[in-house]
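Participant: Quick one: the structure is below, questions incoming.
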Amino acid sequence: MSFLTLDLNLLRVFDAVMTEQNLTRAAGHLAMTQPAVSNAIKRLRESLGDELLIRTAYGVKPTPRAEALWPSVRSALASLEAAVTPETFDVSKAHATFRLAMADATAAFWLPSLMRSIEREAPGVNVRMVPLTTREPRPMLLRGDVDLAVGFFPGVAAQLSSDTSSPIRHERLYSGHYVCVMRRDHPLAKSDLTLENYCAANHLLVSFSGRAHGLVDEALAQIQRERRILLTVNQFFTAGRVVANSDLITVLPKHLIASTGMTDALIHKELPFTLPAVHLDMLWHERDARSPAHKWLRSNLEGMNSVAQRTAPGTTPRNDTY
């Protein structure tokens, strides 16, 4: 193959297919037909002498050659895009609609500040909230169902850090810790919270799936203990209402207690065992990484760390990009 005879448009198609991991979605992004995308990939295969992309039940899987090639192609296209795209972005004149996925408590924690920013700076920007009912938001982003997902996604950040071929990008917004939450006049409210009386109590678990097993149960199993989960709910607001009006206790991120709307009726205590930190991560798709409007949105969420820190003293704001 001679670089002088290579059709560089094929690299743009290759980048879109690698980004979407799906020929149909890539065709939609490029405003092309799927047969045209398939033909372009076929021509690139012939030019490079490699299969590049292998069809699977869920889309396409890149070969090692494709994975090695993509970072250079992506970087070159990004440089070209930056060279021909206007540097200025006037958010006051921008018109955009963002679809965000967050759990109810996360939305209550972050949306007020975001709305104030939009009202003040971006009157043409709209936000549509999509329910987040999973700890694995990547399929939603890959399908294009949402533009941004914000929440606690255990293990996802670590996987993305080691998977350079993934089209999903992420940034850590916030790190905090879990506490035990109960009503103010709970029988355990005026005594030390020991492992014994913690395990003896009846528990509420916030579970998106309804599965009665979580991080706490994994931690207790490590020390040969268990608890009785009397109730699972899928909203933090519901959890706050139930705990404030019963003898059930629950475990919540400290910074999200306020989002239950029951702060005056609740108290929190440190747990009598160790849990990993709770992280708030922001995930988005590579297709939106260079969009000026999307950058503005991400920048606003990054800037809310100071708000979060004031709301939940004792937690640690983070701004680590992977």
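Participant: With +1 on each Lys and Arg Cβ and -1 on each Asp and Glu Cβ, and nothing else charged, work out how big the dipole of the range 225-276 is about its Cα centre, in Debye to the nearest 20.
Facilitator: Numbers: 6 positive and 4 negative charges, 26 e Å.
Result for the range 225-276 is approximately 120 debye, rounded to the nearest 20.
Participant: Going 7 Å from the Cα of Ala94 toward and past its Cβ, which residues in the range 101-131 have a backbone nitrogen under 18 Å from where you end up?
Facilitator: 101, 111-129
Participant: Ok, one more. Of the chain, which part is the longest with no GluC sites (Glu not before Pro) in a loop (DSSP not H, G, I, E, B) and with at most 14 other C-beta atoms within 10 angstrom?
Facilitator: Working: sites that count: Glu51, Glu87, Glu226, Glu270.
Answer from the scan: 88-225.
Participant: Have a look at Ser117, Val156, Gly210 and report the one farthest towards the positive end of the charge dipole of the chain, computed about the Cα centre with Cβ charges (Lys/Arg +1, Asp/Glu -1).
Facilitator: Ranked along the dipole, the leading option is Gly210.
Participant: I'd like the orientation of helix 34-48 relative to the chain: the angle between its Cα long axis and the longest Cα principal axis, in ° from 0 to 90, rounded to 10.
Facilitator: Around 70 degrees separate the two axes.
Participant: Now, a different point. Highest mean first, what order results for 27-33, 178-184, 39-45 on Cβ atoms within 10 Å?
Facilitator: 178-184, 39-45, 27-33
Participant: In percent, what relative contact order does the range 41-130 have, based on Cα pairs under 8 Å that are 6 or more apart in sequence? Let's see the in-between values first.
Facilitator: Values: 57 pairs, mean separation 22.4, N = 90.
Computed over the range 41-130, the figure is 25 percent.
Participant: Follow-up question, since we're still on this one. Using a/c under 1.5 as the rounded threshold, could you call the range 178-269 rounded, prolate or oblate? The axes a ≥ b ≥ c are square roots of the C-alpha gyration tensor eigenvalues, and prolate needs a/b larger than b/c, oblate otherwise. Could you put the intermediate results ahead of the total?
Facilitator: On the way: a/c = 1.74, a/b = 1.15, b/c = 1.51.
Because a/c hits 1.5 or more and a/b fails to exceed b/c, the range 178-269 counts as oblate.
Participant: Right, next: Shape call for the chain from the C-alpha gyration tensor, a ≥ b ≥ c root eigenvalues: rounded (a/c under 1.5), prolate (a/b greater than b/c) or oblate? The partial results should precede the final answer.
Facilitator: Numbers: a/c = 2.90, a/b = 1.93, b/c = 1.50.
It comes out prolate by the Cα gyration axes.
Participant: Same structure again: At 7 Å along Cα-to-Cβ for each site, give me the label-to-label distance between Gln235 and His213 in nm.
Facilitator: 2.8
Participant: Within 12 Å, Cβ to Cβ, of Thr194, how many net charges do the neighbouring residues add up to if Lys/Arg are +1 and Asp/Glu are -1? List each step's numbers first, then the result.
Facilitator: On the way: positive: Arg225, Lys269; negative: Asp192, Glu196, Glu270.
Surrounding charge for Thr194 is -1.
Participant: Same structure again: Would you work out the charge dipole size for the chain about its Cα centre, treating the Cβ of every Lys and Arg as +1 and the Cβ of every Asp and Glu as -1, and quote it to the nearest 20 debye? Display every interim value, and only then the final one.
Facilitator: Numbers: 35 positive and 32 negative charges, 71 e Å.
For this selection, approximately 340 debye.
Participant: Another question, if that's okay. What does DSSP give for the chain in terms of the percent of beta bridges that are antiparallel, rounded to the nearest 5?
Facilitator: Details: 27 of 43 bridges.
So the antiparallel bridges in the chain amount to around 65 percent.
Participant: Can you tell me, using C-alpha contacts under 8 Å and at least 6 residues apart, the relative contact order of the chain as a whole percent? Can you show the working numbers first?
Facilitator: Numbers: 496 pairs, mean separation 68.5, N = 322.
Reported relative contact order: 21 percent.
Participant: Explain nothing, just the number: relative contact order of the range 178-269, from Cα pairs under 8 Å at least 6 residues apart, as a whole percent. The partial results should precede the final answer.
Facilitator: Numbers: 149 pairs, mean separation 42.1, N = 92.
Dividing the mean separation by the residue count of the range 178-269 yields 46 percent.
Participant: Here's another thing I want to ask about it. Per 0.36 nm of contour for each residue apart, how much would the distance between Ala189 and Ala258 grow if the chain were fully extended, relative to their Cα-Cα spacing?
Facilitator: On the way: separation 69, 0.36 × 69 = 24.84 nm, distance 1.84 nm.
Between Ala189 and Ala258, full extension yields 23.0 nm more.
Participant: Then there is this: Would you please give the FRET efficiency between Ala31 and Ser162, computed as 1/(1 + (r/R0)^6) with r the Cβ-Cβ distance and R0 = 22 Å, to the nearest 0.05? Working shown, then result.
Facilitator: Values: r = 34 Å, r/R0 = 1.53.
Taking R0 as 22 Å, the efficiency between Ala31 and Ser162 is 0.05.
The numbers here are math on the coordinates, done by the rules we state, and not lab data. These figures come from a predicted structure and were not determined experimentally. For neighbour counting, all protein chains shown are included, and Cβ atoms are generated from backbone atoms with ideal geometry for every residue, glycine included.
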